[in-house]
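Q: Input: one structure, supplied below.
The values are calculated or read from the model by the stated rules, or taken from the named source; none is laboratory data. The structure displayed is predicted, hence computed values, not measured ones. Reconstructed Cβ throughout: ideal geometry from the backbone, glycine too, with neighbour counts over all protein chains shown. Ligands, DNA and RNA are excluded from the accessible area calculation, which covers all protein heavy atoms including side chains. Shrake-Rupley method; radii C 1.70, N 1.55, O 1.52, S 1.80 Å.
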Amino acid sequence: MTTLRRFFNQLQTRLILTHMVVAVTVLIVAAMILLILQAPLRQENMVQRMTEWLQPTITLARSNFADALTEGNNETSTRFLDYLRSQADAQNARILLVMQPQATIIFDTEGRLVDATWTPGARREFNFSPRRMRSGAIMPMMVAATRGAVHLDNDDWYYVATMLLPLHDGSLEMVVLKPQPGLLRSMWESITELPRGVLIGGLLTLALAVFLLSRWTAGAVTQSLAPLMEGTRALAEGNLAYRVDASHVSLNEVHALAASFNQMADRVQQSQRAQRDFIANVSHDLKTPLTSIQGFSQALLDGTAAGPEMQQRAALIISQEAQRLTNLVEEVIDLARLEDGRLQLHLQRLDPNEIGAEVAESLAPRYEASGVRLVWMPAPTISALLADAARLRRALTNLLDNALEHTPPGGEVTLAVASVGEGAQVRFSVTDAGDGIPPAELERIWERFYRVDRARTHRNGSGLGLAIVKEIVEAHGGTVGVDSTVGQGSRFWFTLPANGGNRAVA
């Protein structure tokens, strides 16, 4: 019991860890997909922030530095350019001043593109509508601008450009650039932009929820598996009657497993019961002839069977009982070969009526000697079979021998053949006038050494006949069955595919 409890604890721990890993993986993948999907929105927000910063800068330049810039006031110009550098650092951006229409860059906050040519790609014009800024101030005017993306200085950038000052022969344009963030950088920025308290609180809440859900799931699984584990322990201890109550199992998969366990337990119990019966029957079937052989051989040795007539009788009985043992051994070997599929079938086209007639004719003398009437009923029209003639005769002979054993003198046994399933199958049937078989015994009638008559006081069979019939028929791709009414007799039958079905001749 301690080992079982330890196993359940280990199983629950592993289930919790597995569930948590799966849940966390799913959440991470979902978060990555969400961040990827919102990447365009982040780009739009980046451009919008660049636009919001650009508007007051343009307004400030136009109101405070326009004259100084146009008149060439070096001090004012230097102060304005320093102001642009400070704003570029604060916004993590890059600012260019471009002289139009020559498209010559006259200022770069990073100093690398001065005197270079400004050649952006596709541009899209838009207007900055008056709107409330993040600080709460209202933008006083509408500014025309262009936006787009450009490959500049070996990097990809987003830019927003607008006219800073009109000149007599063109204009001075201000361009604000920000590097295009990669996917990982966009994702990281999205995470870092969240308030730290909200981020930590959300992660802790999510971790707690995943843990509780994993624990609940693991508990449900282990609770459903508990009866199965208990049943396994019971079977190991020899309690083959233990069955799992599947009605209290919540999970469908475990419910199916419980049903499979019960089927396995049934088969194990039946197998053990068949093994006990096998040992008992074999012991009886071996003991009886061996006793006779030992007794009569002893009589010959000690001179009890003194006269020629007594010696002849003792020798005859010894020979008969030895032959009985030989037949029993051969039947066991044949049955084992059939069950293992090692018995070679020699298939050929056969007429079912001819096979039935031959078997009925060969057994007629035995039936006459026992006072039982054997009736043969052929089919008017019937398809041919692809079967092993010797094995088919043996199956029919075993059924007729079984019927003869259970039919009292004066009774009648019928051997019949007919087409069934619109000619797709051929059915042989043997009907006797015996005592019938109780319904509880019908399931086991095809087992090795199984006999309905447990006393065996008047039965001489080995108990293997029906088992051999079943194996022979199934080796041909057919099925067996029995219909019986207590007090009225039994009808044993088997069907085989007409024309051999899909089987090929060996």
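Q: I'd like to check something: does the range 373-388 contain any residue that is free of Cβ contacts under 8 Å to residues at least 12 places away in the same chain, more than 23 Å from residue 467 (Cβ to Cβ) and part of a helix (DSSP H, G or I)?
A: There is no residue in the range 373-388 that is free of Cβ contacts under 8 Å to residues at least 12 places away in the same chain, more than 23 Å from residue 467 (Cβ to Cβ) and part of a helix (DSSP H, G or I).
Q: For the range 333-353, indicate whether the set of residues that are open to solvent by less than 30 Å² (accessible area, probe 1.4 Å), within 43 Å of the chain's Cα centre (by Cα) and closer than 13 Å to residue 496 by Cβ is non-empty.
A: yes
Q: Could you pull out the residue among 362, 429 that is open to solvent by less than 50 Å² (accessible area, probe 1.4 Å) and more than 14 Å from residue 472 (Cβ to Cβ)?
A: Values: 362 fails: open to solvent by less than 50 Å² (accessible area, probe 1.4 Å).
Result: 429 is the single residue among 362, 429 that is open to solvent by less than 50 Å² (accessible area, probe 1.4 Å) and more than 14 Å from residue 472 (Cβ to Cβ).
Q: Can you tell me which condition residue 407 does not meet? The list is (1) in contact with an Asp or Glu (Cβ under 8 Å, 6 or more places away or on another chain); (2) over 30 Å from residue 270 (Cα atoms), and all the others hold.
A: If we test residue 407 against (1) in contact with an Asp or Glu (Cβ under 8 Å, 6 or more places away or on another chain); (2) over 30 Å from residue 270 (Cα atoms), just (2) comes out false.
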